[in-house]
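Trainee: Here it is, the structure, as structure tokens.
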Amino acid sequence: MSYSGIHKPSLLGRLGGLVGTAVVLVGTFLFSFFVFLDVRGPNGILLFYGELIVALAIAVVLHEGGHLLVALALGQPARKIRIGSGSTLVGFRVGGLVVQICTNPIGGGAVYFSGLDGSSRGIRIASLVAGPGMNLLAAVYAYALLPYDPTLLGVFALGNVAAFLSSAVPSTSVAGGQEHPSDGMQLVRLIFKPPTPSAYFEGDLLTADAHAALVLAYEDAQLAGAPEVTDEHLLRALNQDPVIGALFATVDVNSHLPAARTPASDEELAPAWSAGTHAIIESAFRKARDMGLSKPNAAGLCLALLAADCPAARLLKDAGLDEEAVRRLALAVDTSDSAAPGGSTSPDLPLERWGTAADHALSYAYRVAVADRSLLVGTEHLVAALAADPQSRSARAFTRLGFVLVRNDAKTPPSEPAAASASPVLSPQALKAVAGSLLRTGPTYPAGTGELCLGLIDQGAGIGGKLLAQAGITVASMERALRLEARDQSEPAGCTAASWPIWHVRAGARMGAGRWAEARDDFLVAERVAATDEHRALLRNNAAWCALMSGDAALTPQALELARAGIAFQPDRPAFIGTYAFALLENGSPAEAAALLDPVAATHPRPRDRASDLCILAMCHARLDKLETARAELQGAREADPKCALLARAQAELDEAAPIRVG
């Protein structure tokens, strides 16, 4: 499923469309009956309209060609040019550009640019003006040459004038759940507002090159008219990355790639991410953490693709791509950059302001995500929930602003079974929106749908932010609309089955600030309402870790019970093993803890976790009078992560044990 956010045409947009249409119709009538009749008589009317259709078709080609030529000359990344509308008559690719000619030659056209377009506003304005400008230039030339052939050149001039007026006059129409602004309206928006941000997916942060690869994969599926983004589209996108492409060239991947397809019609699909691509992206995050990287890069995506059981992976393996070479490339690329704004939730986020009205909307967003077979509750699902209840303050404000959310059902069934669970998780962008709503809420009124909506717009991230921005919904306009609507009936909600992830996030922020006891409390509050056994086990494990890190001896017995509950659910999970061993150590069982941790500590794939495990093991061996072993393990921990929070604690254990043993 996908969504489109449209703004009902304004008075300016509707009047512009009416004026442009009226001028074109009147001009055509006058020309045909007062000019053409004088030259060819009444029997030439059909010939006139036939010539006019040809002139309009040429005008469409000139118009779109003007957009494309200026864009290419100025370096704007054009992805497709479409001439006409309806079913595809001819479709082919020239390099990375799709050329599509449709059956209705006078049905308009379009030039599509990449979401990675970083062109300046001046360049965008120039390429936008070039289309109507080309029609105006053609009409002027035809008029200047009118004496040579008044009939043909007159019709040609008329066709270009009609194309110029219909595109240059600011107007807006809505068709098929999509807003279609004229070039004139786009120019007005571009002059007075910044370009609308593009967002095609939600999730954790990626490096800029990995983000670009996913955008290109999405666009490749969209340009092909595919209902889903598959591993083939991801492979094609990775091949466009200069670093990955150079590696692919060493084994000639290009000769193995299947031919790229062209769309069957002018319909603009919003493809969904297939279950296979979701699994590849999730695998890329795991592999990045295992390699000690803060976020996946393009080489990490390629590594995850290679490990998947899919046609693209088999193609790469058949071509002879070396997995170790891809791994070295992933480790060599700096991952300190970010393709999306970073920042963490404040450890003092006022969760007591979470209200029942906002919680009701968030709960509905979960239901929408399940219906969409989504692994994540994204900001687009949040927008859908905020617009769903006509009695809510947010929906009333949307109506006042003319905002309409359109749900675009998939035309064809997905190629793979849905992998979404019965309880999808909140995306990082949706979590930021929820946090933003709490910061928008005063101390005397719990968060409602209006605050949730403002939090979403404040963050401006994710697909939901894009939908609202496309429809022209700004913070200022939403604030004005909300002031005219009564507040929701909202009471303090506490931690609920829908909102527990934000408690989890605040607990993480408190861990980062070293506020271990407070973090433990947040994890325990969230654990009571978590939706699945896996979530509950993770929250119990985290609460146990925070209790142990707090250094409060009164909390160690409970920490052991919590850690035991976590490891009982998933005995082989390295993080659970480390926490349980730590709890055993602090409860007076260093030998049992060492026996549990010794086989896995040094081989933990993630450097930060390996450092923690080695510190715990060093403390165990220090208490067991194995000081040399403990020193070696402590040195290994320093090498794995010099910033490990347990280094000082482990060193203190060694310093305390050494004099006693020596004396």
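Trainee: From the list (1) 19, 55, 25, 1; (2) 18, 47, 26, 9, 1; (3) 16, 41, 29, 10, 3, 0, 0, can you say which value of P(r) over Cα pairs in 20 Å bins from 0, in percent was derived from the structure given?
Mentor: It is the value labelled (3).
Trainee: Something else about it: Putting +1 on Lys and Arg Cβ atoms and -1 on Asp and Glu Cβ atoms, find which of 184, 565, 542 reaches farthest to the positive end of the dipole of the chain.
Mentor: Comparing the listed Cα positions along the dipole, 184 ranks first.
Trainee: Another question about this same structure. Probe radius 1.4 Å, ligands and nucleic acids ignored: give me the carbon and sulfur share of the accessible area of segment 204-300 as a rounded percent.
Mentor: Answer for segment 204-300 is 53 percent, counting heavy atoms of protein chains only.
Trainee: Share of segment 355-405's accessible area from carbon and sulfur, percent, 1.4 Å?
Mentor: Numbers: 980 of 1840 Å².
Its accessible area is 53 percent carbon and sulfur atoms.
Trainee: At q = 0.11, 0.18 Å⁻¹, what log₁₀ I(q)/I(0) does a Debye calculation on the Cα points of segment 546-660 give, no solvent, two decimals?
Mentor: Each listed q corresponds, in turn, to -0.30, -0.84.
Trainee: Quick check: Cα centre of segment 541-607 to Cα centre of segment 252-314, how many Å?
Mentor: Cα centres, segment 541-607 to segment 252-314: 36 Å.
Trainee: At 1.4 Å probe size, with the rest of the protein present, what percent of the exposed accessible area of segment 521-589 is carbon and sulfur atoms? Don't jump to the answer; show the numbers that get you there.
Mentor: Values: 1360 of 2740 Å².
Carbon and sulfur atoms account for 50 percent of the accessible area of segment 521-589.
Trainee: Give me the Kirkwood hydrodynamic radius of segment 84-127 in Å, from all C-alpha pairs, to one decimal place?
Mentor: 12.3
Trainee: Can you send over the solvent-accessible area of residue 432, 1.4 Å probe, protein chains only, in Å² to the nearest 10?
Mentor: 50
Trainee: Based on Cβ point charges of +1 for Lys and Arg and -1 for Asp and Glu, what charge dipole magnitude is obtained for the chain about its Cα centre, in debye rounded to the nearest 20?
Mentor: Computed about the Cα centre, the dipole is about 1300 debye.
Trainee: Give the relative contact order (percent, whole number) for segment 445-599; include only Cα pairs under 8 Å separated by 6+ residues. Before the final figure, lay out the partial values.
Mentor: Numbers: 168 pairs, mean separation 21.6, N = 155.
Over segment 445-599, the number comes to 14 percent.
Trainee: Something else: Explain nothing, just the number: relative contact order of segment 106-249, from Cα pairs under 8 Å at least 6 residues apart, as a whole percent.
Mentor: Reported relative contact order: 17 percent.
Trainee: Separation between the residue 569 and residue 497 pseudo-spin-labels, each 7 Å from Cα along Cα→Cβ, expressed in nm?
Mentor: Calculated label separation equals 1.6 nm.
Trainee: How high is the relative contact order of the chain? Use alpha-carbon pairs under 8 Å, at least six apart in sequence, and give a whole percent. Display every interim value, and only then the final one.
Mentor: Working: 1129 pairs, mean separation 74.9, N = 663.
Result for the chain is 11 percent.
Trainee: Computed over the Cα atoms of segment 498-603, what is the convex hull's projected area averaged over all directions, in nm²?
Mentor: The Cα convex hull of segment 498-603, projected and averaged over all directions, gives 6.5 nm².
Trainee: If you take every residue apart from residue 593 with its C-beta less than 14 Å away from the C-beta of residue 593, what net charge results, scoring Lys and Arg +1 and Asp and Glu -1?
Mentor: Details: positive: 564, 623, 626; negative: 586, 592, 598, 613, 633, 653.
Summing Lys/Arg as +1 and Asp/Glu as -1 gives -3.
Trainee: Continuing with this model, one more query. Using a simple charge model, +1 on the beta-carbon of Lys and Arg, -1 on the beta-carbon of Asp and Glu, nothing else, what dipole does segment 418-534 show about its Cα centre, in debye to the nearest 20? Show your work: numbers first, answer last.
Mentor: Values: 11 positive and 12 negative charges, 69 e Å.
So the magnitude is around 340 debye.
Trainee: Whole number in Å², please: accessible area per residue of the chain, 1.4 Å probe, ligands, DNA and RNA not counted.
Mentor: 45
Trainee: Right, here's the next one. Run lengths n ≥ 4 of DSSP H only: what is the helix-derived mean residue ellipticity at 222 nm for the chain, with -39500 (n - 2.57) per run over all residues, to the nearest 500?
Mentor: Here the helix-only value at 222 nm equals -18500 deg cm²/dmol.
Trainee: Would you count, across the chain, every pair of lysines whose alpha carbons are under 28 angstrom apart, provided the pair is eight or more residues apart or spans two chains?
Mentor: For the chain, qualifying lysine pairs total 21.
The values are calculated or read from the model by the stated rules, or taken from the named source; none is laboratory data. Quick caveat, the model's predicted, so the values are computed rather than measured. FYI the Cβ positions are ideal-geometry reconstructions off the backbone, even for glycines, and counts take in every protein chain you see. Only protein heavy atoms, including side chains, enter the accessible area calculation; ligands, DNA and RNA are left aside. Shrake-Rupley method; radii C 1.70, N 1.55, O 1.52, S 1.80 Å.
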